[in-house]
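My structure is below; once you've seen it, I'll send some questions.
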Amino acid sequence: MTPSTRSIPGPTSHTYFSQRLRLHYVDWGNPDAPPMILIHGGRDHCRNWDWVAEHFRRDYHIIAPDLRGHGDSQWMVGGGYNQLDYVYDIAQLLHQKDMTPVTVIGHSLGGSISLMYTALFPENVKKLVSIEGMGPPPSMLEERLNQPLDKRIHDWMGDLRKLSGRQVRRYPTLEDAFHRMQTENPHLSEDQARHLTIHGSNQNEDGTYSWKFDNYVRAFPPMGVPYDETWAMFKNITCPTLLVRGLESWASDPIKDGRVKNFDCPLEVEAFADAGHWVHHDQLQPFVDRVDKFLAD
């Protein structure tokens, strides 16, 4: 499969509401087929799944949401972004559209959201694929969590103040934004990078271009569900689960670091060579072939 913006028919665009936010998702049709949801990562958008959706759309009814603060979904005002709210938004979407039991594929932040949603609603998920969704390596988390809570809160406040004064980066032309996309992930083909740039940016009133995501999504809350308790929740997952990572990524091996011990479900782990954090972009055909095999078993 050769990624190309010209070969991908566009899905239809829809909105739904969660916690009074107007949120966006796309629907690839085929409503009589089994449901599948694709959940993107941080500072990304729903159209990053287009090549994966194109592959699976004949066999599944696929929807792909823009998380709050991302893509064409509304930004938060007067509050931060945290994982529980993201999970609630996904729960609302699937509940409102009556699309369970569902097959779930998530990447990065979306992979973490997918794992938590499945742990909370195991009866709603038929199969789960999480691409680099286990979060930072335990060693990195330990370093952060060893900091006193007051320091974490002060750091978070400082980050928010910096973000409040941070100007949204403006690219003179769409071509400049496209080159920035290529720099971010050198594995991307020219067609992939251009497609992601077109759907991931808005043109400003002065004619420049900026990325669609809210800069405040960069701020990580100082408190939340503790990581060890989150991992312990994974024992609630009952469906077959596939954990995916790229060998060129910062993500650690969940087998070596012991996090696979938190799962009691049928579990498979796959690492892809010549792939970084965006495995589904960097090794598209091997990725969809592996997921095909997983879904068929």
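Where the second residue is polar (S, T, N, Q) and assigned to a helix (DSSP H, G or I) and the first is touching a residue at least 12 places away in the same chain (Cβ under 8 Å) and farther than 12 Å from Val279 by Cα and lies in the range 183-195, which pairs have Cβ atoms under 6 Å and are six or more apart or on separate chains?
Once the first residue is touching a residue at least 12 places away in the same chain (Cβ under 8 Å) and farther than 12 Å from Val279 by Cα and sits in the range 183-195, its partners that are polar (S, T, N, Q) and assigned to a helix (DSSP H, G or I) give Asp191/Thr5; Ala193/Gln182; His195/Thr5.
Sticking with this one: Which pairs do you get when a residue that is in a loop (DSSP other than H, G, I, E, B), found in the range 205-225, comes within reach of a residue that is of a type in the set (Asp, Glu), reach meaning Cβ atoms under 6 angstrom, with the pair 6+ apart or on two chains?
Filtered contacts from the range 205-225: Ala219/Asp159.
Please specify each residue of the range 47-81 satisfying the condition of being at pLDDT 95 or above and touching a Pro at 6+ places or on another chain (Cβ under 6 Å).
Trp51, Tyr60, His61
Has the range 230-242 got any residue that is aromatic (Phe, Trp, Tyr) and over 30 Å from Arg152 (Cα atoms)?
Taking every residue of the range 230-242 in turn, none turns out to be aromatic (Phe, Trp, Tyr) and over 30 Å from Arg152 (Cα atoms).
Before we move on, is Ile90 surrounded by 17 or more Cβ atoms within 10 Å (Cβ to Cβ), within 17 Å of the chain's Cα centre (by Cα) and in a helix (DSSP H, G or I)?
Yes, satisfied.
I'd like to check something: does the range 246-253 contain any residue that is in contact with a His (Cβ under 7 Å, 6 or more places away or on another chain), surrounded by 16 or more Cβ atoms within 10 Å (Cβ to Cβ) and among the hydroxyl-bearing types (Ser, Thr, Tyr)?
yes
Checking Phe287 against (1) exposed (fewer than 14 other Cβ atoms within 10 Å of the Cβ); (2) under 20 Å from the mean Cα position of the chain (by Cα); (3) in a helix (DSSP H, G or I); (4) of a type outside the set (Gly, Ala, Ser): exactly one of these is not met. Which one?
Condition not satisfied by Phe287: (1).
Do any helices (runs of 4 or more DSSP H) entirely within the range 126-189 hold 3 or more residues that are under 30 Å from Pro226 (Cα atoms), and if so, which?
138-145, 149-165
The values are calculated or read from the model by the stated rules, or taken from the named source; none is laboratory data. Values in this document were obtained by computation on a predicted structure and should not be read as measured data. Cβ atoms come from the backbone with ideal geometry, glycine included; neighbour counts cover every protein chain shown.
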